[in-house]
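Notes to accompany the following structure.
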Amino acid sequence: MSDAARYRLSRLYKVLTHIDDRLGENLSLGELAGVACYSPYHFDRVFLRYRGVSPAEHVRRRRLMRAAHRLRHEPDCPIGEIAYECGYSNQANFSRAFQQHFGMSPRAWRKGGWRSYMLQQVAAFSDADRANEAELETLQFREPGLREGVAARIQVRKLPAQRTVSRQLVGLLSQDLSAACQQFVGECAEAGLLGEAPVFVGSFLEDPGFTGRAHFIYEFGLLSAAPLIPMSHEYLLPGGYYACLDWQGTMPWMRWMYEDWLDRHPDWTMDSRRPHLEYHRQGDDGVRQGTLAIPLMRKT
């Protein structure tokens, strides 16, 4: 990738962060183009080329995904409040847009409709993706202790904001995603960025069961102050409270953290404004280890 292409990409990532930080505001094409230092016409073309959708469509999807997660994890928050904070001027417009996108009303989604929607999304995955999903489902039976005591092992920690040298991976799951991450690790090694105990972090805002494979975005980065490498950008992991589960050997499934701890906790719920984190490191004995972290906020 040329220096000019990397520069264009860095400006695009700046716009994506700007959008996610301001979903409740009126985001005009002119404003987004200004963030990227393009004319509106040129920005619209560049964004479509890199993202596959127009800026307006991207904003629409981001707002609906944010709302879907909040409806799922904030059962006591009024639907109208969620609609307003996700950029909709009134609940009627929000409900209409939600119905068109998810095929059900926000109220039906909150009452459990999100489960059937996720099953439909998973059914549309490739055979390899579904095989990987089935493999994860059976881990608790192949390794009986893997899920045992998940809730008791979760700790609430306040993590600092951290800088990563990151690559954004779009539309990848299971083996494809793993291969892309390994390639990035290799490139970091070739560039001499790995110290004695490198830590890589995968992060994502939405579950692919909500977004579908094509729109699933996964950031994979090296915790480091090192310079960027080709096709990478600086990505800041936001600090705050997280539900943390340390693991060694085989990584547990993050879904267990929801089912065994988060969905039952009286004080904490998920904060959909910050990404989920997957820390990966290698121990002195060569065994893989890491931490799963779900962003938290206190229930009102």
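The values are calculated or read from the model by the stated rules, or taken from the named source; none is laboratory data. In this text, all values refer to a predicted model and were calculated from it rather than measured experimentally. All Cβ positions, even for glycine, are placed from backbone atoms using ideal geometry, and neighbour counts span all protein chains on display.
Remarks
- Of Arg264, Arg281, Arg288, Arg274, all but one fail to be loosely packed, with under 14 Cβ neighbours inside 10 Å and in contact with a strand residue (DSSP E or B) (Cβ under 7 Å, 6 or more places away or on another chain); the exception is Arg288.
- Considering segment 31-60, the residues that are assigned to a helix (DSSP H, G or I) and hydroxyl-bearing (Ser, Thr, Tyr) include one that is surrounded by the fewest Cβ atoms within 10 Å (Cβ to Cβ), namely Tyr41.
- Subset of segment 178-189 that is of a type outside the set (Gly, Ala, Ser) and out of contact with any strand residue (DSSP E or B) (no Cβ under 6 Å at 6 or more places or on another chain) - its residue that is surrounded by the fewest Cβ atoms within 10 Å (Cβ to Cβ): Gln182
- Checking Gly192, Gly221, Gly202 one by one, the residue that is outside the structural domain of Thr17 (by TED's automatic domain parsing) and loosely packed, with under 15 Cβ neighbours inside 10 Å is Gly192 and no other.
- So Met251, is it assigned to a loop (DSSP other than H, G, I, E, B), touching a Gly at 6+ places or on another chain (Cβ under 7 Å), over 14 Å from Arg157 (Cα atoms) and aliphatic (A, V, I, L, M): yes
- Scanning segment 208-218 for residues that are surrounded by fewer than 21 Cβ atoms within 10 Å (Cβ to Cβ), within 12 Å of the chain's Cα centre (by Cα) and not polar (S, T, N, Q) yields Gly209, Phe210, His215, Ile217.
- Positions within segment 184-227 being assigned to a loop (DSSP other than H, G, I, E, B) and closer than 30 Å to Leu23 by Cβ, in sequence order: Val199, Leu205, Glu206, Asp207, Gly212, Phe216, Ser224, Ala225
- Some residue of segment 274-285 being on the phi > 0 side of the Ramachandran plot and not in a strand (DSSP E or B): no
- Applying the criterion of being among the charged types (D, E, K, R) and closer than 29 Å to His265 by Cα to the residues of segment 76-131, the residue that is modelled with the lowest pLDDT is Asp76.
- Some residue of segment 61-81 being surrounded by fewer than 20 Cβ atoms within 10 Å (Cβ to Cβ) and either small (Gly, Ala, Ser) or in the same structural domain as Trp268 (by TED's automatic domain parsing) (or both): yes
- Restricting Thr269, Thr250 to residues that are among the hydroxyl-bearing types (Ser, Thr, Tyr) and under 19 Å from the mean Cα position of the chain (by Cα) narrows the list to Thr269.
- Checked against the criterion of being closer than 21 Å to Gly171 by Cβ and touching a residue at least 60 places away in the same chain (Cβ under 8 Å), the candidates Thr269, Thr250, Thr300, Thr211 yield just one match: Thr211.
Each row is one residue, and each column tells you yes or no for (1) modelled with pLDDT of 90 or more; (2) of a type outside the set (Val, Ile, Thr).
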position: Thr138; (1), (2): no, no
position: Phe141; (1), (2): no, yes
position: Val150; (1), (2): yes, no
position: Pro160; (1), (2): yes, yes
position: Ser174; (1), (2): no, yes
position: Gln183; (1), (2): yes, yes
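- Checked against (1) out of contact with any Ser or Thr (no Cβ under 6 Å at 6 or more places or on another chain); (2) in contact (Cβ under 8 Å) with a residue 60 or more places away in the chain, Tyr50 passes all but a single condition, namely (2).
- Of the criteria (1) among the charged types (D, E, K, R); (2) within 29 Å of Ser166 (Cα to Cα); (3) surrounded by 17 or more Cβ atoms within 10 Å (Cβ to Cβ), which one Lys14 fails: (3)
- Close pairs (6 angstrom Cβ cut-off, 6 or more residues apart or separate chains): closer than 19 Å to Tyr258 by Cβ and without any contact (Cβ under 8 Å) to a residue 12 or more places away in the chain in segment 64-82, among the hydrophobic types (A, V, I, L, M, F, W, C) and not in a helix (DSSP H, G or I) anywhere: none
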